[in-house]
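Undergrad: So that we are looking at the same thing, I have put the structure below in structure tokens.
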Amino acid sequence: MIRSGRGGKSFRVVAILALLGAAAFPLYWMFVTSTTPSSELFAADARLIPKPSEIGVYREAFGGTSVTTWVRNSAIVAVGTTVLSIALAIFPAYALSRFRFRGMGVVGFGLFITQMLPEAMLVVPLYAIFGDLALLNTLSGLILANSAFTVPVITWILKGAIDGVPIDIEEAARIDGCSRLDIVLGVVLPLVAPTLAAAAVIAFFHGWNEYIFAQTLISDQDLRTASVGLAGFVGELSTPVHTVMAIGLMYTLPAVIFYLFVQRYVVAGMTAGSVKG
């Protein structure tokens, strides 16, 4: 029995390490490719060990491109989209969960309808509207455009989480003199914190990876996001693969770090046992 238990534990450890290796290998391969000379990229034998002498490609990427500015702009758009999306989705989600009103089904269906329209179909009308509102070539305009697509999704995600919060908790808070706003912000939101974390991940990655709006609504070189700047390296006749991989790795790491920081909060069961009979 003891051997069996140890064997099972060893198998789990090996399986976890294998999964971690599979998840981290793309990042490692990007690093290896970025440090591989162009003459060796298409060799018959693939290089699996990075070449230290080629590490200068990162210095060239920082010095010869605006990668720092691109990543900063992407971070501003991603964080702004996350904050604005959650702020705009909280109260509609609470209303759909707790109130019954005429047209409730229409509102819910309208949120679903927004997900049926691809971003490419809305580029032209959004460009015209943003031009009239002086939002072209602004990161705030890009944040608004991204939030328009994430708010409906986050609203339904939060609505499902709020449905699971016992109404007894809100009634107890009302007896203690809390207003509706105090209940939403001080009672309900802490109880759905894991769902908020999951919604933040969705909004963040949408703002971080979005390309169509960033390419169309932004023409100023200093306001480009990393997704647009990285795509600019793809040429008609040639593409500097090692440079693309170096910048791609620098573009990917902040998003990975953000997810590793947030994923611990994406758990279930925060409201279990909140109300005792």
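Taken together, the values in this text are just the output of simple stated rules run on the coordinates, not laboratory data. Just so you know, these numbers come straight off a predicted model, no measurement behind them. Counting neighbours? That spans all protein chains shown, and the Cβs are built from the backbone with ideal geometry, glycine included.
Undergrad: How would you classify region 13-54 from its alpha-carbon gyration tensor, with a ≥ b ≥ c the square roots of the eigenvalues: rounded for a/c under 1.5, else prolate if a/b is greater than b/c, otherwise oblate?
TA: Details: a/c = 3.31, a/b = 2.44, b/c = 1.36.
Because a/c hits 1.5 or more and a/b exceeds b/c, region 13-54 counts as prolate.
Undergrad: Between ARG180 and LEU117, how many nm apart are label points set 7 Å from Cα along the C-beta direction?
TA: 2.8 nm
Undergrad: Also, quick follow-up: Whole-Hz Karplus ³J(HN,Hα) for region 159-172, in order, using 6.51 cos²θ - 1.76 cosθ + 1.60 and θ = phi - 60°, x for Gly and Pro?
TA: Each residue's phi maps through the Karplus curve to give 4, x, 5, 5, 4, x, 7, x, 5, 4, 5, 5, 5, 5 Hz.
Undergrad: Please turn the phi angles of region 111-118 into ³J(HN,Hα) values with the Karplus equation 6.51 cos²θ - 1.76 cosθ + 1.60 (θ = phi - 60°), one per residue in order, whole Hz, x for glycine and proline.
TA: Those phi angles translate into 5, 5, 4, 4, 7, 8, 9, x Hz.
Undergrad: Expressed as an acute angle from 0 to 90° and rounded to the nearest 10, what is the orientation of the C-alpha long axis of helix 67-98 relative to the principal long axis of the chain?
TA: Once rounded, the angle reads 20 degrees.
Undergrad: What are the extents of the Cα atoms of the chain along their three principal axes, in Å, largest first?
TA: Reported extents, whole Å, longest axis first: 74, 72, 30.
Undergrad: Now a separate question. Using each residue's phi in region 208-217, evaluate 6.51 cos²θ - 1.76 cosθ + 1.60 at θ = phi - 60° and report the 3J(HN,Hα) Karplus result to the nearest Hz, with x for Gly and Pro.
TA: With coefficients 6.51, -1.76 and 1.60, one gets 6, 9, 4, 10, 4, 5, 5, 6, 8, 8 Hz.
Undergrad: Also: Could you compute the FRET efficiency for PHE261 and SER10, with r as their C-beta to C-beta distance and R0 at 51 Å, rounded to 0.05? If you can, show how the numbers build up before the last one.
TA: Working: r = 30 Å, r/R0 = 0.59.
Given R0 = 51 Å and the Cβ-Cβ separation, E is 0.95.
Undergrad: A further question follows. I'd like the orientation of helix 119-132 relative to the chain: the angle between its Cα long axis and the longest Cα principal axis, in ° from 0 to 90, rounded to 10.
TA: Helix 119-132 and the main axis of the chain meet at about 80 degrees.
Undergrad: Could I ask something else about it? In whole Å, how far is the Cα centre of region 189-236 from that of region 37-111?
TA: 4 Å
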